[in-house]
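Since the structure comes first, as structure tokens, the remarks are kept for the end.
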Amino acid sequence: MQKELLSAYMDGENVSNELTAELCCDAELQKSWGSFHAIRSVMRDETAVFLGADFTAKMDALIDAEPATVSQPTPEEAETLPFMQKIKAAFAPMMQVAVAAGVCLVAVLGVQSFNASQADKAEDTPVLQTLPFNNSVRAVSYNAPEKDIVTSQQLEQKNKRIGALLQNYELQRRVNADGVNLSQQQK
């Protein structure tokens with residue numbers, strides 16, 4: 001409850017002599033007072049006020065007081081460290097893949113540019129005719145029998161036979177359908 005009163009006091013509300021006297025005597029309230037001011041300074045982007053003018057000097061003194069125990073290895077020593085050997089082992093396959101991808105890229109681009117230059121020259125080249133003049137395909141083998149080749153007369157005869165079969169089927173269907181209708185009417 002006192003922190004709420006302290007916050008209101010900071011905002012200029014509920015200003016009272018009793019709270020001021022209590023703030024001067026209580027170390028806990030003074031700590032909260034300092035925290036509230038620090039929070040307000042950060043929210044208002046007043047970092048100079050929050051950090052103080054001597055912040056850099058304090059940090060410089062702390063860094064100078066820090067003992068320097070870690071020494072940097074030489075490049076020769078770094079090569080023998082187990083961590084570096086693990087990194088080399090991990091990156092070696094990736095480097096091989098990267099080199100292979102680069103070679104493939106150069107090959108593809110080279111072939112495309114070569115084909116593009118050949119396409120300019122190929123415009124004058126005559127085109128090879130692959131279909132025969134009569135647009136019918138013949139068997140490639142010399143042993144292909146002539147009887148397997150369907151002529152237009154054979155095709156016409158097959159169509160007539162299929163038409164006759166369809167007419168016969170339709171006729172039988174009608175005759176049988178009438179017979180079924182008669183038997184149903186007799187019942």
Practice problem: Report the FRET efficiency, 1/(1 + (r/R0)^6), for Met84 and Met59, where r is their Cβ-Cβ distance and R0 is 41 Å, rounded to 0.05. | Solution: 0.80
Quiz item: Using heavy-atom solvent-accessible surface (probe 1.4 Å) with all chains present, what is the largest-first order of Glu13, Glu18, Glu170?
Solution: Glu18, Glu13, Glu170
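The values are calculated or read from the model by the stated rules, or taken from the named source; none is laboratory data. Computed from a predicted structure; not experimentally measured. Positions of Cβ are generated from backbone atoms using ideal geometry, with glycine treated the same way; all protein chains shown enter the neighbour counts. All accessible areas refer to the heavy atoms of the entire protein, side chains included, with ligands and DNA or RNA removed. Shrake-Rupley method; radii C 1.70, N 1.55, O 1.52, S 1.80 Å.
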